[in-house]
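What follows is calculated from the coordinates using simple rules that are stated; it is not laboratory data. Just so it is clear, the model here is predicted, and its values are computed rather than measured. Quick reminder, even Gly has a Cβ in these numbers, built from the backbone with ideal geometry, and neighbours come from all protein chains shown.
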Amino acid sequence: MPVAVVTGASKGLGRALARALAARGWDLVLDARGGGALEEAAAEAAAHGTRVEALPGDVADAAHRAALVAAAGRLGGLDLLVSNASALGAEPLVPLAELPEAGLRRALEVNVVAAHGLVREALPLLRAAAAGAVVTVSSDAAVEAYGTWGGYGASKAALDHLAAVLAVEEPGLRVWAVDPGDMGTDLYAAAVPGDDGARPDPDAVVPAFLRLLDERPASGRYVAGALAGSGTVAR
């Protein structure tokens with residue numbers, strides 16, 4: 001069975017992606033800070049008959065990252081690493097003039113430094129896989145200037161560039177940065193409380209990620225909405 005590590009898997013996109021991978025027969029290592037919700041997500045995935053290890057913790061902790069990769073090794077290796085865990089930097093979001101340095105550091109630590117540390121830890125297993133892949137979850141805030149989204153957007157822009165350089169340095173892997181687009185998640189609700197606009201459920205975005213796994217286009221940055229179309233995604 002292929003093995004995936006999915007961070008931020010207790011809710012939202014991470015949880016939806018874990019369910020979908022498990023339904024396809026993937027064994028999983030799941031991470032999140034909230035132990036209770038993570039156990040629920042793990043139980044949902046395990047209901048498909050696959051092996052699931054749930055490890056609560058903070059991806060900003062190097063020891064926790066090492067534990068995630070070690071768990072994948074016990075399951076047989078690592079075919080897919082999904083860096084989905086994210087921090088906003090401030091909840092709710094605030095203009096840059098009001099963003100505390102500690103908040104910006106937290107966004108960078110979780111969204112960029114932890115993603116880099118995790119891929120460094122995982123590279124030996126990914127290189128050994130027959131079709132190793134890395135997915136980093138991006139945002140349109142990485143490429144568009146939205147008021148109050150500056151700290152978060154800057155961290156996601158840095159993550160995009162990290163993924164692009166990784167793809168150059170590791171040509172044997174597929175490295176995809178994916179902008180999922182608007183979703184109705186707890187992260188968005190924390191970012192912009194009181195915004196009641198209708199947004200897609202994360203489950204509606206998952207097919208775009210699965211298409212990457214099915215078709216394995218060139219490494220690069222992809223937008224989920226475009227992947228939902230019928231045209232080619234190869235670059």
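With +1 assigned to the C-beta of every Lys and Arg and -1 to the C-beta of every Asp and Glu, and no other charges, what is the dipole magnitude of the stretch 3-227 about the Cα centre in debye, to the nearest 20?
Here the stretch 3-227 has a charge dipole of around 640 debye.
Just how many % of Cα pairs in the chain lie over 30 Å apart, if you round to the nearest whole percent?
The answer is 18 percent, as a whole percent.
Quick one: order 168, 137, 223 by neighbouring beta-carbon count within 10 Å, fewest to most.
Sorted ascending by nearby Cβ count, the order is 168, 223, 137.
Return the distance in nm (one decimal) between the two label points of a simple spin-label model at residue 186 and residue 33, each offset 7 Å from Cα along Cα→Cβ.
Between residue 186 and residue 33, the simple spin-label model gives 1.0 nm.
Among 81, 123, 96, which comes first, then next, by fewest other beta-carbon atoms within 10 Å?
In order of increasing Cβ crowding within 10 Å: 96, 123, 81.
Find the eigenvalues of the gyration tensor of the Cα atoms of the stretch 15-119, then list the square roots of 5 times those eigenvalues as equivalent ellipsoid semi-axes, largest first, in whole angstrom.
Largest first, the stretch 15-119 gives 29, 15, 11 Å.
As I understand it, the dipole of the chain uses +1 on the Cβ of Lys and Arg and -1 on the Cβ of Asp and Glu, about the Cα centre. Which of 157, 197, 185 lies farthest toward its positive end?
Working it through, the farthest residue towards the positive pole turns out to be 157.
What's the center-to-center distance, using Cα atoms, between the stretch 206-224 and the stretch 130-161 in Å?
16
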